[in-house]
1. Hey, what angle do you get for helix 144-155 against the long axis of the chain, alpha-carbon based, 0 to 90 degrees rounded to 10?
2. Just need the relative contact order of the chain here, percent rounded to a whole number, with Cα pairs under 8 Å and 6+ apart.
3. Relative to the longest principal axis of the C-alpha atoms of the chain, give the angle of the C-alpha long axis of helix 128-139, reported between 0 and 90° and rounded to the nearest 10°.
4. Carbon and sulfur: what percent of the chain's accessible surface (1.4 Å probe)?
5. Write down the accessible area per residue of the chain in Å², having rolled a 1.4 Å probe over the full set of protein chains.
6. Starting from the Cα of THR17, step 7 Å along the direction of its Cβ; do the same at THR98; then give the gap between the two resulting points in nm.
7. Would you give the gap between the C-alpha center of the stretch 122-161 and the C-alpha center of the stretch 1-36, rounded to a whole Å?
8. Of the labelled options (i) 33, 20, 15; (ii) 42, 17, 12; (iii) 24, 19, 15, which one gives semi-axes √(5λ) of the Cα gyration tensor in Å as computed for this structure?
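The values are calculated or read from the model by the stated rules, or taken from the named source; none is laboratory data. Note that the coordinates shown come from a computational prediction; the quantities given were computed from them, not determined experimentally. When we count neighbours, we look across all protein chains shown, and the Cβ atoms used for this are built from the backbone with ideal geometry, even at glycine. Protein only, heavy atoms only, side chains kept; ligands, DNA and RNA dropped before computing areas. Shrake-Rupley method; radii C 1.70, N 1.55, O 1.52, S 1.80 Å.
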Amino acid sequence: MGEIEDAIERADRESFTREPPKTLKGKIGYLLKQLGSAKAIAQEIGVTADSVNRYRRGARKHARADVAAKIDDAVRARWQPQVRKRRQRQAAATGGITVETRARFGYTAPVGTTDDGRFRRLTVHLPPAYAQRLFDARDAGASDQEMRGIIAEGFKEVYFQDGGGRAMGLSDVAINDIDYMDFDY
């Protein structure tokens, strides 16, 4: 996963109305309902079906750290999909998406102005169209770089050009060296 996809995943988790199961046995039980068989779970998390059944029965109370992380990721990826979809639809239709980041922003500007990239900490609310483009790109399997481009385009329009009020000669904005990035929608 890229930085942007991770940030979207964190924003999705914040929208959960209930917490996912906390125990190993509970997580395996949930995955069993979702995937249908111990064999399917075993293939996804990289263990044997016997191990999955031991987790399910409670014969093994703890999984190895790497396996536990895969189980946790599998549960969170499937947890409350309707809540996620509803929040994303709302952001794409009316709410937009707020991006908070600290990154190096570079840009192409007219002659006589500086185009040196510099670190900035920005919190910018992007319109719904950018939220829709970002979610569509993620669902289509876009690279982190492509999603950065969508966000950079939004920052150019909303922050740097202030919706058409300034810096009209600015032709390109690039986001590099991301320290952190968070989304809220």
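1. So the helix axis and the longest Cα principal axis differ by about 40 degrees.
2. Details: 258 pairs, mean separation 48.0, N = 185.
RCO, the chain: 26 percent.
3. It is inclined by approximately 40 degrees.
4. Values: 4800 of 10240 Å².
Exposed carbon and sulfur together represent 47 percent of the surface.
5. Numbers: 10240 Å² over 185 residues.
For the chain, the solvent-accessible area averages 55 Å² per residue.
6. Each label point is offset 7 Å from its Cα along the Cβ direction, giving 2.2 nm.
7. 24
8. Label of the calculated value: (ii).
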